[in-house]
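Student: For reference, the structure I am asking about is given below.
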Amino acid sequence: MKTIKSAADLAINGAPPAFEEPLHVGRPNMGDRTAFLKYANEIFDRRWLTNNGPMVQELEQRIAEYHKVKHCIAMSNGTIALEIAIRALGLEGEVIIPSYTFIATAHALHWQAITPVFADIDPISHNLDPASVRAMITPRTSGIIGVHLWGRCAPVEELQEIADEFNLKLMFDAAHAFACSYKDTMIGNFGACEILSFHATKFFNTFEGGAVLTNDDEMAQTMRLMRNFGFDGVDNVIHPGTNGKMTEMAAAMGLVNLDAIDGVIEANKQNYITYKSELDKLPGIHVIDFDESQYNNYQYIVVEIIDQCPVSRDFIIQALHAENILARKYFWPGCHSMKPYRDLFPHSGLLLKNTIKIAENVIVLPTGTTINEALVKTVTGVIHMVLATHQGRQQVIEQTTLNH
Ligand code: T4K
């Protein structure tokens with residue numbers, strides 16, 4: 001790791017990169033290898049690999065207890081969890097979602113011939129703006145999917161009020177919010193149901209995986225049927241379904257990662273504290289806050305580049321990438337601008353002012369158990385030097401080669 005003392009030390013100016021191996025956003029957090037191999041041996045001995053095996057059942061029970069919710073239905077990934085929950089809830093016609101989310105939230109609707117209608121976000125929380133949601137309601141609207149972006153809860157009370165007033169269904173995409181709470185209630189307890197993602201890059205992973213959390217017995221039963229082709233016992237299909245099952249190997253990874261979860265949260269929190277103290281003092285840079293009175297997983301380090309910043313977001317990203325620090329522009333440019341939705345609604349951006357602004361100004365930085373204070377200080381050192389030596393936001397925008 002190099003020390004950055006002057007502009008000449010930056011890779012963007014020709015110096016060697018700070019890291020030989022890339023620093024990723026989303027490097028998996030791995031639990032105890034020996035414990036995992038013990039589970040793997042048990043799976044080999046038992047020859048029970050999938051179809052609601054004992055490890056899946058144990059994982060479901062532990063995740064439900066952790067979130068103090070009645071049911072956890074494990075799935076093969078977060079997207080299928082979304083699709084199954086959407087069907088179980090009976091959504092149809094149009095469903096209001098934020099454009100500022102991972103594309104899976106929109107795809108899970110579109111894939112089922114339901115139209116995602118994009119509402120704008122609040123510029124501080126990055127979550128759905130209830131006023132914009134109200135403005136998007138039409139006679140075809142059947143529901144709202146709120147997203148707890150960055151693990152910070154969507155405005156659950158306001159969205160529930162709107163849903164009640166217009167007789168709409170409400171569910172949440174809680175893919176980022178494993179282990180998070182809102183007003184002392186763990187996620188999983190809001191709306192009709194909430195979905196989780198356990199993808200490799202998530203704070204808690206099962207290689208690939210996901211789940212639906214709900215307190216609704218009937219819905220839980222339906223979703224259990226739906227994830228297994230609608231089978232009720234052998235040779236008896238009583239419901240339309242798909243294959244959304246989690247494997248035993250995935251559940252084994254979940255069990256070891258659940259044992260490691262406190263350490264992951266602590267590592268993320270320490271990285272967040274270091275990033276915040278190093279970056280918030282810079283002009284025009286702000287690391288978004290978490291509500292410290294609540295449970296947080298601190299999974300995403302989200303940096304906003306605001307107007308006073310002397311250089312552009314894309315130039316900072318370019319400088320970081322040159323150092324092999326693979327910072328991301330999540331969720332640029334917003335779902336509404338991605339081809340399938342841009343083709344459907346070419347003008348939807350007109351109503352998404354905050355979405356567009358935030359998507360243009362966010363950088364997500366590496367964190368997790370593979371990152372520590374020294375690495376964070378190298379990342380922030382690069383940003384310090386870029387800001388100190390590359391004044392002139394407009395001029396720099398012209399110099400960037402990033403696709404804008
Ligand atoms: N709703 C929301 C709000 C979501 O954010 C997501 C997923 C979903 C729904 C759907 O859940 P899943 O169906 O995925 O369970 C990543 C993830 O693929 C995606 O799961 C996640 N959100 C999204 C926010 O991020 P990419 O395409 O940006 O990143 P990816 O997969 O290329 O990986 C990022 C970095 O991590 C890479 O630079 C390499 C590193 N990496 C990745 C993998 C897979 C590793 O070091 N090891 C690995 O095994 O989407």
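The values are calculated or read from the model by the stated rules, or taken from the named source; none is laboratory data. This one's a predicted model, so the numbers in the text were calculated from it and none came from an experiment. Glycine also receives a Cβ, built like all others from the backbone with ideal geometry; neighbour counts cover every protein chain displayed. With ligands, DNA and RNA removed, areas are computed over all heavy atoms of the protein, side chains included. Shrake-Rupley method; radii C 1.70, N 1.55, O 1.52, S 1.80 Å.
Student: Quick one: accessible area per residue over the chain, 1.4 Å probe, rounded to a whole number of Å²? Before the final figure, lay out each step's value.
Tutor: Numbers: 17660 Å² over 404 residues.
Spelled out: the 1.4 Å probe surface of the chain, per residue, equals 44 Å².
Student: I'd like the Kirkwood hydrodynamic radius of the stretch 36-78, using the inverse of the mean 1/r over distinct C-alpha pairs, in Å.
Tutor: Numbers: mean 1/r = 0.0874 Å⁻¹.
That comes to 11.4 Å for the stretch 36-78.
Student: Where does the stretch 246-404 land on Rg/Rh, using Cα atoms and the Kirkwood Rh? Intermediate results must be reported in sequence, preceding the final value.
Tutor: Details: Rg = 18.0 Å, Rh = 17.5 Å.
Here Rg/Rh amounts to 1.03.
Student: Under the rule of at least 5 residues apart or a separate chain, name every residue whose amide H is placed under 5 Å from the amide H of residue 169.
Tutor: Answer set, sorted by chain and number: 143, 144.
Student: May I ask you to evaluate 6.51 cos²θ - 1.76 cosθ + 1.60, the Karplus curve with θ = phi - 60°, for each residue of the stretch 61-72 and list the ³J(HN,Hα) values in order in whole Hz, giving x for glycine and proline?
Tutor: Calculated HN-Hα couplings, in order: 5, 5, 5, 4, 4, 4, 9, 6, 10, 5, 10, 10 Hz.
Student: In addition: What is the set of long-range amide H partners of residue 115 at a cut-off below 5 Å, with H atoms built 1.01 Å from backbone N?
Tutor: Sorted by chain and number, the residues that satisfy this are 93, 94, 95.
Student: Using θ = phi - 60° and the Karplus form 6.51 cos²θ - 1.76 cosθ + 1.60, what ³J(HN,Hα) does each residue of the stretch 351-368 get, whole Hz, x for Gly and Pro?
Tutor: Each residue's phi maps through the Karplus curve to give 9, 10, 4, 5, 4, 5, 5, 5, 4, 7, 10, 9, 10, 10, 9, x, 8, x Hz.
Student: If you roll a 1.4 angstrom probe over the protein chains with everything in place, what fraction of the accessible area of the stretch 260-321 belongs to carbon and sulfur, to the nearest %? Please list the in-between numbers first.
Tutor: Working: 1200 of 2250 Å².
Of the solvent-accessible surface of the stretch 260-321, carbon and sulfur hold 53 percent.
Student: Assuming a ≥ b ≥ c are the square roots of the Cα gyration tensor eigenvalues, decide whether the stretch 7-103 counts as rounded (a/c under 1.5), prolate (otherwise, with a/b larger than b/c) or oblate.
Tutor: Details: a/c = 3.07, a/b = 1.34, b/c = 2.29.
Taking the square roots of the gyration eigenvalues as a ≥ b ≥ c, the stretch 7-103 is oblate.
Student: Take the alpha carbon gyration tensor of the chain, find the square roots of its eigenvalues, order them as a ≥ b ≥ c, and report rounded if a/c is under 1.5; if not, report prolate when a/b exceeds b/c, else oblate.
Tutor: Values: a/c = 2.12, a/b = 1.34, b/c = 1.58.
Oblate.
Student: I would also like to ask the following. In the Gaussian network model of the chain, springs joining C-alpha atoms below 10 Å, which of 205, 51, 77 carries the largest mean-square fluctuation?
Tutor: 51
Student: Please return the longest range in the chain lying between exposed loop sites, taking GluC sites (Glu not before Pro), DSSP loop only, at most 14 other beta-carbon atoms within 10 Å, and leaving the sites out.
Tutor: Numbers: sites that count: 20, 292.
No qualifying site falls inside 21-291, the longest such stretch.
Student: I'd like the Karplus ³J(HN,Hα) series for the stretch 126-135: coefficients 6.51, -1.76, 1.60, θ = phi - 60°, whole numbers in Hz, and an x wherever there's a Gly or Pro.
Tutor: Ordered by residue, 3J(HN,Hα) equals 6, 9, 3, 8, x, 5, 5, 4, 4, 5 Hz.
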